[in-house]
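**Q** Mind looking over this structure? Questions follow.
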Amino acid sequence: MASACWGLPDAFCQFPAMDGKSLHLMRRTIDGTFRDIVRSWSGAIDAATAPLQIALNALERAFTSTPWIVVLALVLALVWAGSRSWRIVLGTAVAMLAIGWFGLWRDTMVTLAMVSVCTAMAVVIGLPIGIAAARSDRMQRVINPVLDVMQTLPSFVYLIPVVVIFGIGKVPGMIAVVIYAVPPMIRLTNLGIRLVDAQVLEAAEAFGSSGRQKLWNVQLPLALPALMTGVNQTIMMALSMVVVASMVGVGGLGKNVLQAINNQFFTLGFLNGFALVAIAIIFDRTSQAFGQRLQQYRGAAHD
């Protein structure tokens, strides 16, 4: 034993750790207490998550029951409204038609419904928190470590407390996606507002603007490109989390990818992965083009 430990005493070879019995007792106590708390609040938890379930089911039914030609026309119209680029619209049309040709239309609509609801929730949560962080250095010091933990924690770890509290289903998966996707929105909202030119704020104060007026009429409009980047990154994070969330009952393309991984179905995994990548590219190109248009409009307005 001494030779295997460089000649040092045993106390320096094996790290001093809690004995197995004490560790087991600690884990059982914490897990049991946590479960008891969740059971006692189960009624309130179900009532709080019911609107999310209703909203997700309604949007999913709308996407899956509407004729595909109508959905495709609406998607192309939204892409054109955001990008004003025929190239992006044409690429979107080709990608969506390819998705439908390979029999992935319904699963793609389910994934789009999930991503849409999660992105909306992340923006609603992240925007006010980012504004609060931008207006208070103390708030920023509190939020930054939390965001660091949220962005470095492995995505699978999010599922553990979510499943314990909410069980298996669409809502737990949606909550896990929102938690994973909200940090970019908070960070970029904070950054965009803080980067607003101080001289512009001084001019607004000179004209008698209140704090609320400065926020809504000056800071948020000037920070809009950063906010759009935050929305873009939130969508990308939500799409990347869809596969992981499929482990707790979320359907759509993520479920198919997980099934392909478990059964080593290369073609199934590749096609569903292609659909996810296509959706991500459509969102990315459209939001980037929209952000560039906002910057050009802002520059023309200042000129």
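The values are calculated or read from the model by the stated rules, or taken from the named source; none is laboratory data. Please read all numbers here as calculations on a predicted model, not as lab measurements. Note: ideal-geometry Cβ built from the backbone for every residue, glycine included; neighbour counts use all protein chains shown. All accessible areas refer to the heavy atoms of the entire protein, side chains included, with ligands and DNA or RNA removed. Shrake-Rupley method; radii C 1.70, N 1.55, O 1.52, S 1.80 Å.
**Q** Which of the cysteines found in the chain have nothing to pair with, since no other Cys Cβ lies under 4.7 Å from theirs?
**A** Cys with no partner Cβ under 4.7 Å: 118.
**Q** So for 277, 124, 79, what's the accessible-area order with a 1.4 Å probe, most first?
**A** 124, 277, 79
**Q** Between residue 66 and residue 124, take the C-beta separation as r, use R0 = 35 Å, and let me know the FRET efficiency to the nearest 0.05.
**A** Here the calculated transfer efficiency is 0.90.
**Q** Okay, moving on. Hey, for a label at residue 294 modelled as a point 7 Å past Cα toward Cβ, could you say which residues of the stretch 125-145 have their backbone N under 16 Å away?
**A** So the set is 125-131.
**Q** Same structure, new question: Using the heavy atoms of the protein chains and a 1.4 angstrom probe, tell me the accessible area per residue for the chain in square angstrom.
**A** 58
**Q** Picking from 83, 6, 62, whose Cα lies most toward the positive end of the charge dipole for the stretch 3-104 (charges on Cβ: Lys, Arg +1; Asp, Glu -1)?
**A** Of the candidates, 83 comes out farthest on the positive side.
**Q** Leaving ligands and nucleic acids out of the surface, order 164, 94 by accessible area at 1.4 Å, largest first.
**A** So the residues, ranked largest to smallest area, are 94, 164.
**Q** Let me ask something else. What distance in nm separates the two pseudo spin-label positions at residue 35 and residue 76, each 7 Å out from Cα along the beta-carbon direction?
**A** Here the answer is 5.5 nm between the modelled labels.
**Q** In nm, give the distance between the simple-model label positions of residue 139 and residue 85, each being 7 Å from the Cα along the Cα-to-Cβ direction.
**A** In this crude spin-label approximation the distance works out to 3.4 nm.
**Q** To make sure I understand the rule: partners must be lysines, Cα under 25 Å from the Cα of residue 255, and not fewer than 8 residues away in the same chain. Which ones qualify?
**A** Within the straight-line limit of under 25 Å, residue 255 reaches these lysines: 170.
**Q** Just how much of residue 129 is accessible, in Å², when a 1.4 Å probe is used and the result is rounded to the nearest 10?
**A** Approximately 60 Å² for this residue.
**Q** Where is the GNM fluctuation largest for the chain (alpha-carbon springs, 10 angstrom cutoff): 73, 280, 181?
**A** Taking springs between Cα atoms under 10 Å, the residue moving most is 73.
**Q** Give the calculated FRET efficiency between residue 209 and residue 280 to the nearest 0.05, with a Förster radius of 41 Å applied to their Cβ-Cβ distance.
**A** Efficiency computed from Cβ-Cβ geometry: 0.55.
**Q** Further question: Evaluate E = 1/(1 + (r/R0)^6) for residue 153 and residue 217, where r is the Cβ-Cβ distance and R0 equals 45 Å; express this FRET efficiency to the nearest 0.05.
**A** E between residue 153 and residue 217, to the nearest 0.05, is 0.75.
**Q** Pairs of alpha-carbon atoms within less than 8 angstrom and 6+ residues apart define the contacts here; what relative contact order does the chain have, in percent?
**A** Across the chain, relative contact order equals 21 percent.
**Q** Just to be sure I understand the model, the point goes 7 Å from the Cα along the line to the Cβ. What's the resulting residue 200 to residue 57 distance in nm?
**A** The answer from the label model is 4.5 nm.
**Q** Please report the accessible area of residue 255 (heavy atoms, 1.4 Å probe, ligands and nucleic acids excluded) in Å², nearest 10.
**A** 120
**Q** Be a star and scan the stretch 230-270 for residues whose amide nitrogen sits under 15 Å from the point 7 Å along the Cα-to-Cβ vector of residue 168.
**A** Under cut-off, by backbone N: 245-251, 255, 259.
**Q** While we're here: Only Lys, Arg, Asp and Glu count, each charged at its Cβ (+1, +1, -1, -1), so figure out the dipole size of the chain about its Cα centre, rounded to 20 debye.
**A** The calculation lands at about 360 debye.
**Q** Moving on. Run the 1.4 Å probe and let me know the accessible area of residue 135, rounded to the nearest 10 Å².
**A** 140
**Q** A further question on this structure: Provide 202, 60 ordered by accessible surface of protein heavy atoms (probe 1.4 Å), highest first.
**A** Descending accessible area places them as 202, 60.
**Q** Among (1) 54, 45, 42; (2) 59, 43, 38; (3) 77, 58, 50, find the value of Cα extents along the principal axes in Å that was calculated from the structure presented, and write down its label.
**A** Given (1) 54, 45, 42; (2) 59, 43, 38; (3) 77, 58, 50, the calculated one carries the label (3).
**Q** Can you send over the carbon and sulfur percentage of the accessible area for the chain, probe radius 1.4 Å, protein chains only?
**A** 66
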